[in-house]
Every structure is written in C-alpha cells, then in structure tokens.
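Here is the structure we will look at, set down as structure tokens.
Just so it is clear, none of the values below were taken in a lab; they were calculated from the coordinates. Just so we're clear, the structure is a prediction, and the values are computed from it rather than from any experiment. When we count neighbours, we look across all protein chains shown, and the Cβ atoms used for this are built from the backbone with ideal geometry, even at glycine.
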C-alpha cells in the first residue's frame, strides 16, 4: 500500500476563520485525490501535513466506503419542465473533504458570545444558563468531532 501526501497550496480565509486552508494532493495506492485540510496558524506546514496523513487516510477510507454503499444515480426534476430525469452521481460528490469542517460549522452555530456571557452572568442555576447549555449541546451533537 502506498500513501503519499503533499501540500500544493494554502489559502488564508477571511474572518471569522482563524486557520489556513491547505490544499493537498494525496496519492493513495495510485489513486490521486485533491484534498483540503485546515491548518492552524504558527505551525510548520510540512510537519502539520505529515502529522495529518493518518487522519486524511481515514477520511478517504470513510468516503470511499460511503461511495461503495451509495446509489449511483438519483432522480431530479428536469429544469425545463419536461418531468423527471435520472442522473449519475459522480464519485467526487461523495469522496471529498468536509469543508467547512465540524469546527467551522460549530463556531457559526453557537449562540452569540454576548448571549453566552449574559447567561453566565445570570448564574449557573438560571433558566438562561440551562438554555445556553442545551443549545451548545445540540450544536455539538449536530456537528460531532470526527472519531
């Protein structure tokens, strides 16, 4: 089995994102994947990409299994009003990185910081604080950390 990963580019997204987006090319047993991963600031890029190799390999394995189990076509409404059409599902629609990742999705879904501080100020026994905890837990369940 061969698995090689190399950084091919980097992009610094606008705020509120605080990480860089790294573009990597992955050679996995002769199959070439164009993958992306978030890279924290102030790290050595090549060291970080090499350290992320096992995670990227696991993500590709998971996506390949999803592709193998998925239907290979879907029915859509014809945009010209001629009824329904069956179209092929391309492998790239399933075997691709999760961008934005759970971290960015969570950040955007959490209650605003002002609401969080207000609930904390009211005390841990307040209804507002308990509501805040429930909202945060719902976001964590909606966007779980990858295993």
* To do: In nm, give the distance between the simple-model label positions of residue 12 and residue 99, each being 7 Å from the Cα along the Cα-to-Cβ direction.
  => 1.8 nm
* Of the listed values (1) 10, 26, 26, 22, 13, 3; (2) 10, 27, 18, 10, 8, 10, 10, 5, 2; (3) 12, 41, 32, 12, 3, 0, grab the one calculated as P(r) over Cα pairs in 10 Å bins from 0, in percent from the structure here. => (1)
* **Rough spin-label spacing in nm, given labels placed 7 Å along Cα→Cβ, for residue 107 and residue 4** => 3.3 nm
* **In nm, spacing of pseudo-spin labels at residue 62 and residue 128 (7 Å Cα→C-beta vector)** => 3.7 nm
* To do: Would you mind checking the tilt of helix 113-122 against the longest principal axis of the Cα atoms of the chain, expressed as 0 to 90 degrees and rounded to 10?
  => 40 degrees
* Structure fact -> the range 115-141 and the range 43-66 have their Cα centres apart by a whole-number Å value of 34 Å
* Asked: Measuring from the lowest to the highest alpha carbon on each principal axis, how far does the range 1-70 reach, largest first, in angstroms?
  -> 37, 25, 16
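Run the helix sum for the chain: -39,500 (n - 2.57) per DSSP H stretch of 4+ residues, divided by residue count, reported at 222 nm to the nearest 500 deg cm²/dmol.
Details: 5 runs with 58 residues, N = 147.
Only helices count here, giving -12000 deg cm²/dmol.
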* **Kirkwood Rh in Å, taken over all unlike Cα pairs in the range 100-147** => 11.3 Å
